[in-house]
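Trainee: Please see the structure below; I have some questions.
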Amino acid sequence: MSRPTSSPTSAPMVSDGRPSAVDQVDAVVVGAGLSGLYQLYRLREIGLTAVAFEAGGDIGGTWYWNRYPGARCDIESMSYSYSFSPELDQEWEWSERYATQAEILRYVHHVADRFDLREDIVLRTRVTRAVYDGHDHRWRLSTDTGRTVTARFVILTTGCMSVPKDPGIPGVDSFVGAVHHTARWPHEDVSFAGKRVAVIGTGCSGVQAVPVIAADAASLTVFQRTPAYVLPARNRPLRATERSAFKAHYPEFREAQRRSRGGTVFAPPTRSALEADEAERTAAYEAAWDEGFLNGMLRTYTDILTDEKANETVAEFIRSKIRSIVTDPATAELLSPRTFPFATKRPCLGTDYYETYNLPHVSLVDLRTTPIERITPRGIRTSDGEHDLDAIVFATGFDALTGSQLAIDIVGKGGTRLRERWAEGPRNHLGLVSVGFPNLFTVLGPLSPSVLTNITVSLEQQVEWITGCIDHLLRNGLTEIDVTPSAEADWGARVAEIAARTLYPAVDSWYTGANVPGKPRVFLAYAGGLDRYREECDAVARGGYTGFVLSSPAGGPTTRPARPTTR
């Protein structure tokens, strides 16, 4: 359905794919990954002119930047995909249970071409500043290419894991060999054949990269500060009969995804781990280990994330697996997590990760006992000596959830900067809008389910809510939506309260911002489940956008009191 645009200028195109003389559009989307593409699609559907700015050289977001060796999704391919088009579900053929980065990027390109989205995407253009004009109720956005655009609405689809964390190790510039970061991998081929290679970091990207790099390198030294819980992916090619059977039930499966707690479909557990005897628990954990699901262990019992004793039964099971795989007992112990409960840092899916440490040319350095002092021209010097190297790979993670938003100088009402308002941690309502920053929405940002879910399901839910909200404003002659301070405060308290029922907040992790020096320590995601979050968002919309302030040019603001939440 379309309506007359509220902006006087649309977005004519020139041969290089960039809008020419674009001064005003209805909406700007920042980022052209999975979220940005879907948001652009939905904005067009309600008849708005829109432009998406993408800093990368092509579309794809996460799957454009993260092309390191071994990069692949840790959610099954046929679940980690858009659900909005039944035709798309039927026509796309996934080749593996867990798709590689290259295959996911081909899928993203297919979607952009199929729905003709590229014409409204401006590449190699980073939004650097966004300033709100309270008189005109419009945002003015500046870019690193010099282009300035104004828009009624701005949607940040900048990614929850898109700003690489600075390794913070002195001497990097002095190293004479090759230096790479998993989050900014070169587009040209990188060969490690015959080279002495170091990987610093053993989070999910490091876990995926280590076995692949080890297959080529003359030697591989892995520098580990904190070991991860790594579960076997059991990846394999998908059979044609499997794909056909899945597609036959896609509509029912998609609906079940939308109603699920985390965007994946499974029968929820009904018993405590402590109610089962050891033999029963071991059998359940063995089955989960063999299935190859990221959240397979969490599917076994109800209290894995809420009770330390229950969690320890899983943690020790995984440690026993490490001991059974890694032949050197000392190395096995270094690889065994003991300082944090299972799943309070994101678990990893791997292929032959632990087995790689049995190879004679692979070694492990424990940075807790022999920390890195600096990088030298020849390699890495720890407190135990120098490691001569030809290449260094940083797998040191991201400034998660808030980093990509705070990288933009966002100035709201009264000249207030988002960086100032979030100095002690993110503040918003429903993870979507912050007080004083009207008509500025975020997809997969802080205080929403985002990283605790299958993000393809989460992003669709948020994009659809945002689009519905914008449509409501336009249909009712409203120009602005802001948040009441009480609704924002209540949502922040609610997110913190739900997290406090779990083991998450007590652990230093990127979930709490503890991986970035100086970042406020706040649990950054809504842990109540995507199903409950969807219900809360839908209730707000049905109530006329409770907790928000809606304004029209002449009529002034209309406040919808926030609905009481069930604690």
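The values are calculated or read from the model by the stated rules, or taken from the named source; none is laboratory data. The structure displayed is predicted, hence computed values, not measured ones. Here the Cβ positions follow ideal geometry from the backbone for every residue, glycine too, while neighbour counts run over all protein chains shown. Accessible surface is based on the protein model in full, side chains and every heavy atom, while ligands, DNA and RNA are left aside. Shrake-Rupley method; radii C 1.70, N 1.55, O 1.52, S 1.80 Å.
Trainee: Report those helices (runs of 4 or more DSSP H) wholly inside the range 1-94 carrying at least 3 residues which are buried (at least 21 other Cβ atoms within 10 Å of the Cβ), at pLDDT 95 or above and aliphatic (A, V, I, L, M). Lay out the reasoning, then the answer.
Mentor: Details: elements: 34-45, 62-65, 86-91.
Result: 34-45.
Trainee: Counting only residues that are among the aliphatic types (A, V, I, L, M) and either open to solvent by 80 Å² or more (accessible area, probe 1.4 Å) or modelled with pLDDT under 95 (or both), how many does the range 234-267 have? If you could, list the steps in order and put the result at the bottom.
Mentor: Kept after step one, since they are among the aliphatic types (A, V, I, L, M), are these residues of the range 234-267: 238, 240, 245, 248, 256, 265, 267.
Then keep just the ones that are either open to solvent by 80 Å² or more (accessible area, probe 1.4 Å) or modelled with pLDDT under 95 (or both); that gives 265, 267.
Going through the range 234-267 one residue at a time, the tally reaches 2.
Trainee: Residues in the range 382-437 that are in contact with a helix residue (DSSP H, G or I) (Cβ under 6 Å, 6 or more places away or on another chain), outside any loop (DSSP other than H, G, I, E, B) and crowded, with 23+ Cβ neighbours inside 10 Å: how many?
Mentor: Residues flagged as in contact with a helix residue (DSSP H, G or I) (Cβ under 6 Å, 6 or more places away or on another chain), outside any loop (DSSP other than H, G, I, E, B) and crowded, with 23+ Cβ neighbours inside 10 Å within the range 382-437 amount to 2.
Trainee: Right, another one. For the list (1) open to solvent by 40 Å² or more (accessible area, probe 1.4 Å); (2) over 25 Å from Trp510 (Cβ atoms); (3) in contact with a Gly (Cβ under 8 Å, 6 or more places away or on another chain); (4) among the aliphatic types (A, V, I, L, M), I need the number of the one condition that Leu452 fails.
Mentor: Here Leu452 meets the rest and fails (2).
Trainee: So, one more: Before we move on, is Glu291 closer than 19 Å to Ile322 by Cβ and surrounded by fewer than 19 Cβ atoms within 10 Å (Cβ to Cβ)? If you could, list the steps in order and put the result at the bottom.
Mentor: On the way: closer than 19 Å to Ile322 by Cβ: yes; surrounded by fewer than 19 Cβ atoms within 10 Å (Cβ to Cβ): yes.
Yes.
Trainee: Now a separate question. Regarding Gly159, is this residue surrounded by 23 or more Cβ atoms within 10 Å (Cβ to Cβ), at positive phi, of a type outside the set (A, V, I, L, M, F, W, C) and within 20 Å of the chain's Cα centre (by Cα)? Write out each step before concluding.
Mentor: Details: surrounded by 23 or more Cβ atoms within 10 Å (Cβ to Cβ): yes; at positive phi: yes; of a type outside the set (A, V, I, L, M, F, W, C): yes; within 20 Å of the chain's Cα centre (by Cα): yes.
Considered against the rule, which asks whether it is surrounded by 23 or more Cβ atoms within 10 Å (Cβ to Cβ), at positive phi, of a type outside the set (A, V, I, L, M, F, W, C) and within 20 Å of the chain's Cα centre (by Cα), Gly159 comes out as yes.
Trainee: Ok, one more. Return the residue satisfying two criteria in turn: it lies in the range 123-140 and is touching a Gly at 6+ places or on another chain (Cβ under 7 Å) and buried (at least 16 other Cβ atoms within 10 Å of the Cβ), and of such residues it is nearest to Thr241 (Cα to Cα).
Mentor: Keep residues of the range 123-140 that are touching a Gly at 6+ places or on another chain (Cβ under 7 Å), which gives 123-124, 132.
With buried (at least 16 other Cβ atoms within 10 Å of the Cβ) added as a condition, the list becomes 123, 132.
Details: Leu123: 39, Tyr132: 53 Å.
That would be Leu123.
Trainee: Being in a helix (DSSP H, G or I), open to solvent by less than 20 Å² (accessible area, probe 1.4 Å), over 30 Å from Thr339 (Cα atoms) and among the hydrophobic types (A, V, I, L, M, F, W, C) is the filter here, so list the residues in the range 466-499 that pass it. Lay out the reasoning, then the answer.
Mentor: Restricting attention to the range 466-499, the residues satisfying the condition of being in a helix (DSSP H, G or I) are 466-475, 485-499.
Restricting the remaining residues to those that are open to solvent by less than 20 Å² (accessible area, probe 1.4 Å) gives 466-467, 469-470, 473, 487-488, 491, 494-495, 498-499.
Those still in the list that are over 30 Å from Thr339 (Cα atoms) too: 466-467, 469-470, 473, 487-488, 491.
Residues satisfying the conditions are Ile466, Cys469, Ile470, Leu473, Ala487, Trp491.
Trainee: Separate question: Just the residues that are part of a helix (DSSP H, G or I) and open to solvent by 10 Å² or more (accessible area, probe 1.4 Å), please, taken from the range 500-531.
Mentor: Within the range 500-531, the subset part of a helix (DSSP H, G or I) is 500, 530-531.
If the condition is that a residue be part of a helix (DSSP H, G or I) and open to solvent by 10 Å² or more (accessible area, probe 1.4 Å), then Ala500, Asp531 are the ones that fit.
Trainee: Give just the number: which of (1) buried (at least 19 other Cβ atoms within 10 Å of the Cβ); (2) touching a Leu at 6+ places or on another chain (Cβ under 6 Å) does Arg319 not satisfy?
Mentor: Only one criterion in (1) buried (at least 19 other Cβ atoms within 10 Å of the Cβ); (2) touching a Leu at 6+ places or on another chain (Cβ under 6 Å) is unmet by Arg319, namely (2).
Trainee: Identify all residues within the range 95-122 that are open to solvent by 30 Å² or more (accessible area, probe 1.4 Å) and either farther than 17 Å from Val25 by Cβ or without any contact (Cβ under 8 Å) to a residue 60 or more places away in the chain (or both); write none if there are none.
Mentor: Initial filter on the range 95-122 (open to solvent by 30 Å² or more (accessible area, probe 1.4 Å)): 95-96, 100, 102, 106, 109-110, 113-116, 118-119.
Selection gives Ser95, Glu96, Thr100, Ala102, Arg106, His109, His110, Asp113, Arg114, Phe115, Asp116.
Trainee: Moving on to the next point. Just to verify a result, which residue in the range 532-550, among those that are assigned to a loop (DSSP other than H, G, I, E, B) and farther than 20 Å from Thr442 by Cβ, is most open to solvent (accessible area, probe 1.4 Å)?
Mentor: Here is the first cut: in the range 532-550, the residues assigned to a loop (DSSP other than H, G, I, E, B) are 543-547.
From what is left, the residues that are farther than 20 Å from Thr442 by Cβ are 543-544.
On the way: Gly543: 35, Gly544: 15 Å².
In this case the residue turns out to be Gly543.
Trainee: Can you give me the number of residues within the range 188-233 that are without any contact (Cβ under 8 Å) to a residue 60 or more places away in the chain and on the phi > 0 side of the Ramachandran plot?
Mentor: Restricting attention to the range 188-233, the residues satisfying the condition of being without any contact (Cβ under 8 Å) to a residue 60 or more places away in the chain are 188-189, 191, 193-194, 215-216.
Now drop any that are not on the phi > 0 side of the Ramachandran plot, which leaves 194.
Number satisfying all stated conditions: 1.
Trainee: Residue by residue through the range 111-145, note down the ones that are of a type outside the set (Val, Ile, Thr) and touching a helix residue (DSSP H, G or I) at 6+ places or on another chain (Cβ under 8 Å).
Mentor: Keep residues of the range 111-145 that are of a type outside the set (Val, Ile, Thr), which gives 112-120, 123-124, 126, 129-130, 132-142, 144.
Answer for the range 111-145, where residues must be of a type outside the set (Val, Ile, Thr) and touching a helix residue (DSSP H, G or I) at 6+ places or on another chain (Cβ under 8 Å): Ala112, Arg114, Phe115, Leu117, Arg118, Asp120, Tyr132, Gly134.
Trainee: In addition: Name the one entry in Glu333, Glu373 that is surrounded by fewer than 20 Cβ atoms within 10 Å (Cβ to Cβ), assigned to a helix (DSSP H, G or I) and charged (D, E, K, R).
Mentor: Numbers: Glu373 fails: assigned to a helix (DSSP H, G or I).
Glu333 is the lone residue from the list that is surrounded by fewer than 20 Cβ atoms within 10 Å (Cβ to Cβ), assigned to a helix (DSSP H, G or I) and charged (D, E, K, R).
Trainee: Additional query: Kindly provide the set of residues from the range 268-277 that are in contact with a Lys or Arg (Cβ under 9 Å, 6 or more places away or on another chain), assigned to a loop (DSSP other than H, G, I, E, B) and exposed (fewer than 15 other Cβ atoms within 10 Å of the Cβ), ordered by number.
Mentor: Passing the criteria: only Pro268.
Trainee: With (1) out of contact with any helix residue (DSSP H, G or I) (no Cβ under 6 Å at 6 or more places or on another chain); (2) under 26 Å from Glu76 (Cβ atoms); (3) outside any loop (DSSP other than H, G, I, E, B); (4) not aliphatic (A, V, I, L, M) as the list, and Ser205 as the residue in question, which single condition is left unmet?
Mentor: Only one criterion is unmet by Ser205, namely (1).
Trainee: Of the conditions (1) touching a strand residue (DSSP E or B) at 6+ places or on another chain (Cβ under 8 Å); (2) closer than 30 Å to Pro251 by Cα, Ser450 clears all except one; give me its number.
Mentor: The failed condition is (1).
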